[in-house]
Amino acid sequence: MTYKESLHRIWLIAKREVHRLVAQPIYFFCMLIAPAICVIFFVSLMHEGLPTDLPIAVVDMDNSATSRNLIRQLDAFEQTEVYLKTMSFTEARQEMQKGNVYGIFYIPSDFAVDATSGKQPRLSFYTNGTYLIAASLLFRDMKTMSVLAGAAVGLQTGQAKGYTEAQIMGQLQPIVIDTHPIGNPWLNYSVYLNNTVLPGIIQLMVFLVTVFSIGTEIKYSTSRKWLDMGGNSMVVSLLGKLLPQTAIFTVVGFMYCAVLYGFNSFPLNSGWFPMLLAMFLLIISSQAVGVFMIGVLPTLRLGLSFASLFGMISFSIVGFSFPVQGMDPTLQALARLFPLRHYFLIYVDQALNGRALFYTLSEYAWLLGFLILPFLIGRNLKRALLDFKYLP
């Protein structure tokens, strides 16, 4: 088959695939509607960056001017809202069990008197660990407020003994901590999650659409006609079939990048090119993995199950929620088998840290390496397309 004839056959198969995409609404949903819904949902859900005004209950057994001032300062934190103020711990606990509050801040009786007399009163706070993010943020605010309350009492006590403020602060805080979070200095959960969740959704959709488009050829016995149009060449047939899908997913992926780095102004320290290239390579590598899936399990239902399972596992194993270095060595090795893992590493190096492109070339090479997978199962897939008897 000559080069021109191959291009002509690819073009004919691509036109045929466009007609198939238009004729079946499921393609329209998976390739356009579902990604659009996801980007709108996740970006709007975390638009503020961090949850604000998380409700807590305060059990004030002291009810003094000092305790009331402490409560007002706690309520002033952006993430914390004093939803209930009571003198009954049972009532506060019941509100937490109902899900109305995420934490309880307990101020003991005689707090102000004991604090100023050096008896070390104990402030207690409880958080509902079922809600991980809410509990973590409230724990941070309540702990900060407790430390500040202790420092304020220490300052008052020292001044009463005649010490200067500088002498007192040297004892209260002998070492001053100056923190500077890098990459995401705003501690914005949208930056943390959406840069991996949304590409992960695209990867999952690519898996499903690739497996579905080839699996339906087998299921409805149209695979022989598809191969004939490709001159009985798997390479030509696959290129023609996947080309329209690649174009659509690439546009969707670039729109994701525009929303994240343009509209939302997320960190993009190395410019647009590294991330756009990474997005394109994520799409074509995911298509290669999808071809491998349907080649290994050439049945539509089994192939889709494989794609769904593999796609969902990738959200947990890529390392953005739990570090890969903390996993079992076997899982650390398996993480390399997921295209999203390499996209995530490119994102960290290029968008967040702004490293030179040279240091990330290995991750781009990994994404290109996935393109070998269709060649490994080419014979098995071709045999399935020609001879497989579909069993419903």
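The values are calculated or read from the model by the stated rules, or taken from the named source; none is laboratory data. Not measured: the values here are computed from a predicted model. Reconstructed Cβ throughout: ideal geometry from the backbone, glycine too, with neighbour counts over all protein chains shown. SASA here: full protein model, heavy atoms, side chains in, ligands and nucleic acids out. Shrake-Rupley method; radii C 1.70, N 1.55, O 1.52, S 1.80 Å.
Using Cα centres only, tell me the gap between region 342-357 and region 103-126 in whole Å. First find each Cα centre; the distance between them is then 47 Å. For region 282-392, what does the alpha-carbon gyration tensor say about shape, rounded, prolate or oblate, given a ≥ b ≥ c as the root eigenvalues, a/c under 1.5 as rounded, and a/b over b/c as prolate? Prolate shape, in that a/c is at least 1.5 and a/b is the bigger ratio. Taking Cα centre as origin and charging only the Cβ of basic (Lys, Arg, +1) and acidic (Asp, Glu, -1) residues, the dipole magnitude of region 327-392 rounds to 340 debye. The packing ranking, built from the mean of other Cβ atoms within 10 Å per residue, places the peptides 266-275, 339-348, 136-145 in the order 339-348, 136-145, 266-275, highest first.
Which shape class, rounded, prolate or oblate, goes with region 193-331 when its Cα gyration tensor gives a ≥ b ≥ c as root eigenvalues, a/c under 1.5 marks rounded, and past that a/b bigger than b/c marks prolate? Because a/c hits 1.5 or more and a/b fails to exceed b/c, region 193-331 counts as oblate.
Relative contact order for the chain using alpha-carbon pairs under 8 Å, separation at least 6, rounded to a whole percent? So the answer I get is 18 percent. Once the gyration tensor of the Cα atoms in region 211-286 is diagonalised, the equivalent ellipsoid follows with semi-axes of 35, 12, 8 Å, ordered largest first. Taking Tyr192, Tyr261, Tyr220 as the candidate residues, the one with maximal mean-square fluctuation in a Gaussian network model of the chain, Cα springs under 10 Å, is Tyr220.
Result for the chain in a Gaussian network model with C-alpha springs under 10 Å: among Val82, Val191, Val296, the largest mean-square fluctuation is at Val82.
Of the residues Pro329, Pro55, Pro35, the one that moves most in a GNM of the chain with alpha-carbon contacts below 10 Å is Pro329.
Taking the longest Cα principal axis of the chain as reference, the axis of helix 65-75 is set at about 10 degrees. Restricting attention to the chain, lysine pairs at least eight places apart or on different chains and with alpha-carbon atoms under 20 angstrom apart total 15. Round to the nearest 10 and give me the degree value, 0 to 90, for the angle of helix 272-296's Cα axis relative to the longest principal axis of the chain. Approximately 60 degrees, to the nearest 10. Using Cβ point charges alone (K and R +1, D and E -1), the dipole size of region 1-121 about the Cα centre works out to roughly 1040 debye.
State the Cα centre-to-centre distance between region 259-330 and region 183-201 in whole Å. Using only Cα atoms, the two centres lie 15 Å from each other. A helix-only calculation puts the chain at -20000 deg cm²/dmol for mean residue ellipticity at 222 nm, using -39500 (n - 2.57) for each DSSP H run of at least four residues, averaged over all residues. Counting protein heavy atoms only, region 194-244 has 65 percent of its accessible area on carbon and sulfur, 1.4 angstrom probe.
Solvent exposure of the chain amounts to 52 Å² per residue of accessible area, where only protein heavy atoms count and the probe is 1.4 Å.
Around the amide H of Lys85, modelled in the peptide plane, lie the amide H atoms of Val58, all under 5 Å away and 5 or more residues distant in sequence or on another chain.
Modelled this way, with points 7 Å down the Cα-to-C-beta line, the labels at Asn380 and Met255 are 3.5 nm from one another. Axis angle, to the nearest 10 degrees, between helix 234-257 and the longest C-alpha principal axis of the chain: 30 degrees. Note on region 229-372: dipole from Cβ charges, positive end direction compared against Trp272, Pro298, Met255; the farthest Cα belongs to Pro298. The calculated P(r) of region 328-392, using every Cα pair and 5 Å bins from 0, goes 4, 14, 16, 15, 14, 11, 9, 7, 5, 3, 1 in percent.
For region 1-128, the Kirkwood estimate of hydrodynamic radius, built from reciprocal distances between every pair of different alpha carbons, is 19.7 Å. When DSSP beta bridges are restricted to pairs lying wholly in the chain, around 25% turn out antiparallel. Each other residue within a Cβ distance under 12 Å of Ser67 adds +1 if Lys or Arg and -1 if Asp or Glu, for a net charge of -1. Length available on full extension from Arg122 to Leu276: 0.36 nm per residue minus the Cα-Cα distance, which gives 50.0 nm. Overall, the chain carries a charge dipole of about 1920 debye about its Cα centre when +1 sits on the Cβ of Lys and Arg and -1 on the Cβ of Asp and Glu, all other atoms neutral.
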